[in-house]
Amino acid sequence: MWRDLFNLKGGAASIKEINQRILADATVSGTNLIVLVMAIMIACVGLNMNSVAVIIGAMLISPLMGGIVAIGYGMATYDVHFIRQSMIKLAFQVGFAILTASLYFAISPLAYSTDELLARTSPTIWDVIVALCGGIAGAVGNTRQEKSNVIPGVAIATALMPPLCTAGYGLASGHYPFFLGAMYLFFINAFFIALAAFLVFKVLGVPSHGDVAASQFQRQRIILAALGILITAPSIYLAYQMVEENLRDMQVKSFISEDMDSQTTSVVSYTVKGHVLTVDLVGTLLTEKEIDALQDELHARNRLQDLELVVIQGQRELDREQIQNLINARLEKQSTSEKEVSYKNLSTQYYPAYKRASADQQTIELLTQQAPLLFPKVLSIQGGTLTSVTPQKDQPKTENKVDHKRFMVEVIVKEPLRPEEADRLQKWIAAQVDMPVLMTVQTADHPSDFYGDGIAWP
């Protein structure tokens with residue numbers, strides 16, 4: 001019963017029919033060559049446009065699988081001449097695909113790295129597993145009396161054409177790590193598909209083509225085992241690195257969401273470079289003691305113990321997209337019933353900052369354009385609205401009333417203004433901004449970082 005459960009010979013096609021299929025699929029001229037060219041172009045367009053659906057279409061029509069399975073068949077039948085012919089045909093297809101893809105990307109106006117291109121440059125042990133399983137499934141499906149839907153699925157899973165087109169992109173753009181990574185991925189897929197096909201054909205008992213010495217059997221096993229180890233070892237290391245990076249990234253995101261975001265501060269962005277985690281904050285300024293506590297929380301996570309926390313905080317202007325991202329991040333943490341009210345509160349908290357900054361920028365641009373026409377000594381004007389916070393009795397700090405009552409400007413002049421000129425300039429600016437104005441005047445050739453009557457000058 002157990003033998004019947006995993007019996008590959010049941011429903012298998014005859015040896016003659018399998019041989020005919022292998023020969024037909026390994027052909028590189030005529031229909032297969034035309035299909036190869038179409039698959040290359042479709043894959044290049046899909047990678048260039050970052051379209052998964054188009055890339056899948058290229059995988060489905062690609063004829064590369066036939067040549068690889070033919071190599072596995074030649075290995076199973078110990079037909080050295082057939083193996084050599086199949087490898088020459090496959091090498092022609094690979095070279096033709098890379099050169100065609102290189103030509104496409106050399107003339108394409110969209111010469112940038114997409115996510116789909118990057119996804120084909122770092123193969124791991126999982127690609128080995130997929131190639132091996134896909135090769136077994138493909139060989140089994142290709143040896144049945146009746147064709148099944150296995151082959152299209154294998155073509156999508158093993159993805160032979162996109163790595164070659166990515167290698168072509170690497171050559172055309174001069175990004176040689178792209179070329180090496182993509183070729184390594186293709187080599188992994190090709191080798192383990194051929195190995196899987198070899199194993200299936202051996203289980204099916206395809207006869208050897210001619211007399212084979214026992215020493216040849218042993219030599220073939222040693223070569224296949226050595227190649228398998230050499231090809232798999234780098235992918236295991238890359239997989240280990242990828243897992244470590246993903247786990248570390250998860251802990252960084254957890255630290256940001258659980259410890260850095262609060263009701264009074266929000267994270268605008270964060271980056272990890274080397275051993276430094278840099279976090280850009282808006283909101284209430286953190287004290288040194290609070291930052292030290294956050295550093296301790298960071299080191300409490302096992303994969304973040306080597307990171308140093310750097311907090312960038314202070315007043316900054318937020319654009320509309322950053323404000324919306326902050327609001328969305330807060331809403332994701334709340335239940336559906338709270339979101340409607342919370343959106344109003346968050347909009348009230350963040351949007352005025354954007355609106356005020358935009359209005360200030362427009363006002364300063366207008367003042368800088370018009371002031372030199374009315375006051376020839378003026379070179380430029382910079383400044384913005386001053387924010388004052390009025391403490392509310394018996395209310396938490398977050399409920400303090402924020403008033404915008406004054407506009408402060410710094411005027412850069414060619415030469416000092418007379419008192420009456422400065423007075424007229426201040427009144428003119430106040431009329432433009434429709435609020436009281438605090439004005440300082442600096443000469444362009446003698447700028448000072450200190451001014452005002454609150455300094456006890458010697």
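The values are calculated or read from the model by the stated rules, or taken from the named source; none is laboratory data. Computed from a prediction, not measured in an experiment: that's the story for all the values here. With ideal geometry, Cβ positions are generated from the backbone for all residues, glycine too; neighbour counts draw on all protein chains shown. Quick note on the areas: whole protein, heavy atoms, side chains included, nothing else; ligands and nucleic acids left out. Shrake-Rupley method; radii C 1.70, N 1.55, O 1.52, S 1.80 Å.
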message = Cβ-Cβ under 6 Å, sequence separation 6+ or interchain: first residue in the range 268-296 and closer than 17 Å to Met250 by Cα, partner of a type in the set (Phe, Trp, Tyr) and modelled with pLDDT of 85 or more. Which pairs?
response = none
query = Any residue in the range 109-117 that is in contact with a helix residue (DSSP H, G or I) (Cβ under 6 Å, 6 or more places away or on another chain), part of a helix (DSSP H, G or I), open to solvent by 10 Å² or more (accessible area, probe 1.4 Å) and touching a residue at least 60 places away in the same chain (Cβ under 8 Å)?
reply = yes
ask   = Which of the following residues is open to solvent by less than 50 Å² (accessible area, probe 1.4 Å) and over 20 Å from the mean Cα position of the chain (by Cα): Ala239, Ala167, Ala226, Ala233?
value = Ala226
Flag for Ala43 being buried (at least 16 other Cβ atoms within 10 Å of the Cβ), among the hydrophobic types (A, V, I, L, M, F, W, C) and more than 29 Å from Leu224 (Cα to Cα) = yes
task = Check whether at least one residue in the range 271-283 is modelled with pLDDT of 80 or more, surrounded by 12 or more Cβ atoms within 10 Å (Cβ to Cβ) and not aliphatic (A, V, I, L, M), and report yes or no.
result = yes
Those residues of the range 223-264 which are under 16 Å from Leu309 (Cα atoms) and at pLDDT below 75, in sequence order = Asp261
inquiry  = Here are the criteria: (1) touching a residue at least 60 places away in the same chain (Cβ under 8 Å); (2) part of a strand (DSSP E or B). Tell me which single one Ala239 does not satisfy.
reply    = (2)
query = Any idea which of Gln93, Gln85 is open to solvent by 60 Å² or more (accessible area, probe 1.4 Å), under 23 Å from Ala196 (Cβ atoms) and assigned by the TED database to the domain that holds Phe187?
reply = Gln85
inquiry  = Here's a check for you: in the range 120-138, which residue that is modelled with pLDDT of 80 or more and among the small types (Gly, Ala, Ser) is most open to solvent (accessible area, probe 1.4 Å)?
reply    = Ala137
task = Go through the range 284-321 residue by residue and tally those that are open to solvent by less than 50 Å² (accessible area, probe 1.4 Å) and at pLDDT below 75.
result = 2
